[in-house]
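Below you'll find the structure, written out as structure tokens, and then a few comments.
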Amino acid sequence: MNIKAIDSQDFNLQISVLNKCNYSCTYCPACLHDGSTPTIPVETYIKFIASLLENNPSINSYKQKFVGLTGGEPTVYPEIESLIQFLKEKDFNISLDTNGSAKREFWEKNLSLINMTNLSVHPRYANFKHVLDVVKIGIEKHSIVKVAIIMDPAYWDRAKEALDFFIKNQVSLIEVKGLTFKTTRYDNDTHKKEFTYHDTYTPEQLDWITKNTYIAHGHIREINPNYKTRTSFFISEDGSRERFRGQDLISSGQNMFLNWKCDIGRSNLTIKWNGDIMAATGACRSHNNMMFGNLIQTPDLKMKLADTPTICRQARCGCISDMRVNKWKE
């Protein structure tokens, strides 16, 4: 598969609501959980998003609108329920990246509004039975809850215990994740896949992770047959279209879009916990000159999305949300 374009019919908004977390995982950068940045009031988020939709009518021309809520731990944000309610009223498909530790009452009240919950099980802290309760509430509310078990080498046995527990209890959507990212290194026309790890694993652990990291169990449609999937596609050089799968791009070394045209800042936006409004994630070099402002410095900020595509300056795209943005080579 040699691709010549990525076609997405969705508008994507990412909001890191705060940099505070009730966990303190050793593999998580302190800036994501130490609470060092003042929390932005929900009224500021709501005012900005309402203004964004009003001043950028092109957003409503997309087939669907997606928003990802993350942190830190977003359920620690004191006004997260008001933000979720507002986003649902504005017809956003909502995903939530969470450690799942919020009380049962939160899930019972809000899961019907959340389309996808990406629940990371951190073995040092997680209550497995509580996570299972969240999954069951999701089934009752027809909301997807995907359980991702973090294979912390310092709590390896407990992580494997978590996997056994959720399989035994027939949880449909399970992933196991090492503290790893996959890289592809090129030497002339050949390439090899390598793994880089945050922490040190034993050879046995390393072997287990490389065999199981991307294993998933179950299907979304089993839980909610009406779940709205993203409308993003690969367009190959022969003109064929396939459903977008970001990990396939990474694994095959096709996540390189240098000098391609890209709609970063037109069809997607990122709001960081420090108030920065950016065209893409902080890992994308192409957005260096595409900062739209800061909500702490300018709480009543009104802004326009980019009018024209940008030229990709990134040698390799490592963020799936950025890969999904419309892009094409000429």
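The values are calculated or read from the model by the stated rules, or taken from the named source; none is laboratory data. Please read all numbers here as calculations on a predicted model, not as lab measurements. For neighbour counting, all protein chains shown are included, and Cβ atoms are generated from backbone atoms with ideal geometry for every residue, glycine included. For the accessible areas, the whole protein counts, side chains as well, though only heavy atoms, and no ligand, DNA or RNA atoms are used. Shrake-Rupley method; radii C 1.70, N 1.55, O 1.52, S 1.80 Å.
Can you list residue pairs whose Cβ atoms sit under 6 Å apart, with the first residue in segment 116-140 being aliphatic (A, V, I, L, M) and the second being assigned to a strand (DSSP E or B) and surrounded by fewer than 21 Cβ atoms within 10 Å (Cβ to Cβ)? Count only pairs 6 or more apart in sequence or on different chains.
The qualifying pairs are 116/95.
So in segment 94-109, with the set limited to residues that are in contact with a strand residue (DSSP E or B) (Cβ under 8 Å, 6 or more places away or on another chain) and of a type in the set (S, T, N, Q), which one is most open to solvent (accessible area, probe 1.4 Å)?
Of all residues in segment 94-109, those in contact with a strand residue (DSSP E or B) (Cβ under 8 Å, 6 or more places away or on another chain) come to 94-100.
Still in the list and also of a type in the set (S, T, N, Q): 95, 98-99.
On the way: 95: 24, 98: 7, 99: 7 Å².
So, considering only residues that are in contact with a strand residue (DSSP E or B) (Cβ under 8 Å, 6 or more places away or on another chain) and of a type in the set (S, T, N, Q), the one most open to solvent (accessible area, probe 1.4 Å) is 95.
Of all residues in segment 137-169, count the ones that are of a type outside the set (Asp, Glu) and open to solvent by 10 Å² or more (accessible area, probe 1.4 Å).
From segment 137-169, those of a type outside the set (Asp, Glu) are 137-139, 141-151, 153-156, 158-160, 162-163, 165-169; that's our starting set.
Now drop any that are not open to solvent by 10 Å² or more (accessible area, probe 1.4 Å), which leaves 139, 141-142, 146, 150, 153-156, 158, 160, 163, 165, 167-169.
Residues that pass the stated criteria total 16.
Yes/no matrix, rows are residues, columns are (1) touching a helix residue (DSSP H, G or I) at 6+ places or on another chain (Cβ under 6 Å); (2) open to solvent by less than 10 Å² (accessible area, probe 1.4 Å):
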position: 92; (1), (2): no, yes
position: 111; (1), (2): yes, yes
position: 115; (1), (2): no, no
position: 127; (1), (2): no, no
position: 135; (1), (2): no, no
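Please find, within segment 286-330, the residue that is farthest from residue 53 (Cα to Cα) out of those that are part of a strand (DSSP E or B) and among the β-branched types (Val, Ile, Thr).
Within segment 286-330, the first condition is being part of a strand (DSSP E or B), and the residues that meet it are 291-294, 310-311, 327-328.
Checking which are among the β-branched types (Val, Ile, Thr) leaves us with 310-311.
On the way: 310: 22, 311: 25 Å.
Selected residue: 311.
Take the residues in segment 233-261 that are open to solvent by less than 10 Å² (accessible area, probe 1.4 Å) and hydrophobic (A, V, I, L, M, F, W, C); name whichever of them is nearest to the chain's Cα centre (by Cα).
249
Which condition from (1) in contact with a strand residue (DSSP E or B) (Cβ under 9 Å, 6 or more places away or on another chain); (2) surrounded by fewer than 21 Cβ atoms within 10 Å (Cβ to Cβ); (3) part of a helix (DSSP H, G or I); (4) without any contact (Cβ under 8 Å) to a residue 60 or more places away in the chain is the one that residue 58 breaks?
With (1) in contact with a strand residue (DSSP E or B) (Cβ under 9 Å, 6 or more places away or on another chain); (2) surrounded by fewer than 21 Cβ atoms within 10 Å (Cβ to Cβ); (3) part of a helix (DSSP H, G or I); (4) without any contact (Cβ under 8 Å) to a residue 60 or more places away in the chain applied to residue 58, the lone miss is (4).
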